[in-house]
1. Looking at region 529-538, is at least one residue without any contact (Cβ under 8 Å) to a residue 40 or more places away in the chain, touching a Leu at 6+ places or on another chain (Cβ under 8 Å) and in a helix (DSSP H, G or I)?
2. Might you let me know whether region 210-230 holds any residue that is touching a Pro at 6+ places or on another chain (Cβ under 9 Å), assigned to a helix (DSSP H, G or I) and either crowded, with 17+ Cβ neighbours inside 10 Å or basic (Lys, Arg) (or both)?
3. Residue under question is LEU80, and the condition is that it be touching a residue at least 24 places away in the same chain (Cβ under 8 Å) and within 18 Å of ALA28 (Cα to Cα); does it hold?
4. Could you list all residues from region 365-378 that are surrounded by fewer than 18 Cβ atoms within 10 Å (Cβ to Cβ) and not in a helix (DSSP H, G or I)?
5. Collect the residues in region 14-52 that are over 17 Å from CYS116 (Cα atoms), outside any helix (DSSP H, G or I) and either touching a residue at least 60 places away in the same chain (Cβ under 8 Å) or within 29 Å of the chain's Cα centre (by Cα) (or both), keeping them in residue-number order.
6. Evaluate the following for GLY354: is it surrounded by fewer than 19 Cβ atoms within 10 Å (Cβ to Cβ), at pLDDT below 95 and in a strand (DSSP E or B)?
7. Which condition number in (1) surrounded by fewer than 17 Cβ atoms within 10 Å (Cβ to Cβ); (2) closer than 16 Å to ARG312 by Cα is the one that GLU171 fails?
8. Just a yes or no: is a residue in region 81-104 in a strand (DSSP E or B) and crowded, with 18+ Cβ neighbours inside 10 Å?
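The values are calculated or read from the model by the stated rules, or taken from the named source; none is laboratory data. What you see is a predicted model; the values in this text were computed from it and never measured. Cβ atoms come from the backbone with ideal geometry, glycine included; neighbour counts cover every protein chain shown.
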Amino acid sequence: MDLGTLRHSCAHVMAEAVKELWPEVKLAIGPSIEDGFYYDFDKATPFSDADLLAIEERMRKIIAGDAPFVREELDKAGALQLFRERKEDYKVELIENLTDGQISIYKTGDKFLDLCRGPHVKSTGQIKAFKLLSVAGAYWHGIETNPMLQRIYGTCFETQKELDEYLKNLEEAKLRDHRKLGPALGFFDIYHEEAGAGLVFYHPKGALLRTIIEDYERKEHLRRGYELVITPHIMDVALWKESGHYDYYRENMYILSAEEGKEFVLKPMNCPGHILIYRSKTRSYKDLPIRLFELGTVYRREKAGVLHGLLRVRGFTQDDAHIFCLPEQLGTEIKGIIDFVFDTMKVFGFDSLGIELSTRPEKSIGSDEDWQKATEALENALKDKGLKYEINAGDGAFYGPKIDIKLKDALKRTWQCATIQCDFALPKRFNLSYIDAAGKEQQPIMLHRVLLGSLERFIGALIEQYKGELPLWLSPTQVLIIPLKDTVQAYAQEVRSKLESRDIRVDTDLRNETLNKKIRNAEINKIPYCLILGEREAAQGTVSVRKKGSQEQGAAVSVEEFMGNIVNQIKEHK
């Protein structure tokens, strides 16, 4: 049985239950989604938790009745008349926007019917395991000036065992939610009303975590032949018209007015800036490939309704690079990026990755021939490396096809991070060139790529992957020193200085609290190691080591032995 069809059928049954309980409610839309389904309702008062339980109970009665899903077709006039009589205003609007022709509806039971193109399961009795999950607000068509509807989310599976496993994972996901763990651990917050929604404020620990990630990336890019660049945050609107972003991406751009009457764009992408750097001087075929890398902060106009923690924000930083290469270098460069992605994800603890090849969208620039060459280059690289992938038809960038590499976390959830885009169009629009061996001008090919993608989204994924318990090498505080008495504070400072000399990130807890309370606080803050220092340790030049999660204090070791062990772990990215 197709899971999408099953879930869509369950959404239909949910709408029927809601109409039976509240006949005055107006129906909007109810599709299946990746992990379940939802339905949008126009109801004067909010749905409560008790309402969800009542809806579930009514759904069970409908399912027990095993009523068939019956499809009927009407012409447009007949469909409009039917839903006007039923005072279903949202359905009427949907029908009015349809082209003339046959319009399908589905009926269940004696009274309920819905505008729907289907398909559905044969009867309601085939729906075995479902659960309503939550209620959220949703603007009609996602437009903020439209009515606010109530969206009920649910999920459905073929068996109760699958549903129970999914619900268990949902509870685990709540414990891992970066929106709660991040602020609790002092990493960030994004809820300053004075500043505006979707903007991240990194606190000291979060800023340090991000710096650790950035430093690792800079080092690795330099090692692999990339050059670091920095481009302005605002640039003249003329540049974005030349690139095509103004025509194809304008609804997501912040456009600023300047005093001299010009318009500037708060950059949503880094590629035009990198293109200008490439174009700043004559390039030879001997110079290529040129790999330009920037940790570039970009800004995109996102609707308030889609903002979600660090995963969807309005200002974020990308580990963005653009490679300008010869046609004969294209395959090698794409495969090099794929290797870079896999190596990087492994370092951060993500071993399970999925791959999609996204092809030409409806709104795009460039010739059919260039799109074919670009798509073949990406696909051949995947085939040469023996990688499995799926085709995501029509989801490429407006200037070229792309490979999306999605990581899977500890709960098997998918996170979009790495992207490789092959672009013949922008080099042509910007008249980019290099001088070939015969002294003639030729056009380079451009690869756009990110590894982690948005650092904000990746940090959110890291927090949820590790439940806030980051690996030692990423932990903002790696070691907490706990002196038991004031008389050993001088020794504590000596130990701290030795650790800091080896670039170990350390803090000292000098509060007037019990040892148990200090250890409990270290556990809450996910600090990997505590060093307990008493008079015996001070006299012997040792430290008593307590590893996070351990129920007992470990044996005393020399400071040098502890430092050697921890430095090796950090070097190995453990």
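1. no
2. no
3. no
4. SER367
5. Result: GLU34, ASP35, GLY36, ASP42, LYS43, PRO46, PHE47.
6. Here the answer is yes, as GLY354 does meet what is asked.
7. (2)
8. yes
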